[in-house]
Amino acid sequence: MDCGDDGKLSLDSIRDSLIRQEDTIIFNLIERIKFPINPTLYKQQLPSSSNISGSLFQYLFQETEALQSKVGRYLSPEENPFFPDNLSDSIIPLTKCTPVLHPAAESVNVNEKILDIYINQMLPLFCTEADDDANFATTAACDIQLLQALSRRIHYGKFVAEVKFRDCTDEYKPFILAQDRDALMKLLTFEAVEEMVKKRVAKKAKVFGQEVTLNDSVEEVKGKIDPLLVSRLYDEWLMPLTKLVEVEYLLRRLD
Ligand SMILES: O=C(O)C(=O)C[C@]1(C(=O)O)C=C[C@@H](O)C=C1
């Protein structure tokens, strides 16, 4: 969503961005699953000699966000921090452009839920249960890249919700005024679109995960990632969390 895109805001253009973000998520997934879970990274208690509170991963992630905030990463409405209390002021000025989202968008942040699901449900699904302490830093770097891509995709729900509200204000307004979550969820859901997403990401996982060889052997080689798991990721977590963001944004849209 670039500066001045307000005039070009449409459900098709937003959906095109969500489709492009599928590539980023799938490639980052392929990189992360090269490593085992590395549970030590996420354990709360570090050696008392270290003056780090929380887990090693949390320390690395917080410091990464703090550094990136210095160059304005979180001035963008498309970016939502996992540790908002730990950010630094940006050393570069904010580009002035007409805001697309309602100011209440800033209060919609589901990253705590994303991080919990990622560590406790996603990683055990995609990675083997082992520690590879020679690659803790590389593993954490993969985690951070992937989590930021997942968060960006899920919080894009704010833009989807804004477009849906602008296109069908009279349909959304009564449910917003009634703070009716269920009615809003039903109104914003397009099951046919969700089915296409699940099929497309499975196909992309199959294609992106292919082993490229120089011989023309035709035998079917197992890909780097299970396409059905990628489809399940979207079905069980990414799309439901995106819809949660949409509902939370819409509930605040008339504030
Ligand atoms: O494309 C939309 O209409 C969206 O709201 C996005 C999305 C998704 O997360 O991919 C979520 C809800 C819809 O049922 C369909 C797809």
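The values are calculated or read from the model by the stated rules, or taken from the named source; none is laboratory data. Note that the structure is predicted; figures quoted are calculated from it, not measured. No Cβ is skipped: glycine too gets one built from the backbone with ideal geometry, and neighbour counts run over all protein chains shown. Quick note on the areas: whole protein, heavy atoms, side chains included, nothing else; ligands and nucleic acids left out. Shrake-Rupley method; radii C 1.70, N 1.55, O 1.52, S 1.80 Å.
Structure notes:
- Gain in span if fully extended, A192 to V207, counting 0.36 nm per residue against the direct Cα distance: 3.1 nm
- Net +/- balance of residues flanking A105 in space, Cβ distance below 13 Å, scoring K and R +1, D and E -1: -4
- Accessible area of the chain belonging to carbon and sulfur atoms, whole % at 1.4 Å probe: 54
- Mean separation of Cα contacts under 8 Å (6+ apart) over length of segment 123-255, as relative contact order %: 38
- Applying a DSSP loop filter and a limit of 13 other Cβ atoms within 10 Å to the trypsin sites (Lys or Arg not before Pro) in segment 132-235 leaves K222.
- Legend: helices of the chain (whole DSSP H runs) are marked when their alpha-carbon atoms reach 27 angstrom or more along the helix axis and their mean Kyte-Doolittle hydropathy is at least -1.0; marked are 11-32, 136-155.
- With the convex hull of the Cα atoms taken as the outline of segment 112-255, the averaged projected area works out to 11.8 nm².
- Cα gyration tensor category, rounded, prolate or oblate, for segment 79-137 with a/c compared to 1.5: prolate
- The radius of gyration of the Cα set in segment 199-255, together with its Dmax, comes out at 18.0, 62 angstrom.
- Where segment 201-255 is the region considered: accessible area per residue in Å², 1.4 Å probe: 59
- Here the contact order of the chain, divided by its residue count and restricted to Cα pairs under 8 Å and six or more residues apart, works out to 26 percent.
- The chain: most fluctuating residue of P81, P47, P124 per GNM, C-alpha cutoff 10 Å: P47
- Cα gyration tensor shape for segment 1-92, rounded if a/c is under 1.5, else prolate or oblate: oblate
- Alpha-carbon gyration tensor eigenvalues x 5, square-rooted, for the chain, Å: 32, 26, 17
- Solvent-accessible area per residue in segment 5-117 equals 57 Å², computed with a 1.4 angstrom probe and all protein chains kept.
- Neighbourhood charge, 12 Å Cβ-Cβ cut-off, centred on S231 and excluding it, Lys, Arg +1 and Asp, Glu -1: +1
- Annotation for segment 161-194: GluC sites (Glu not before Pro) lying in DSSP loop with at most 13 further Cβ atoms inside 10 Å of their Cβ do not exist.
- Of the trypsin sites (Lys or Arg not before Pro) found in segment 43-78, those that fall in a DSSP loop while having at most 12 other beta-carbon atoms within 10 Å are K43.
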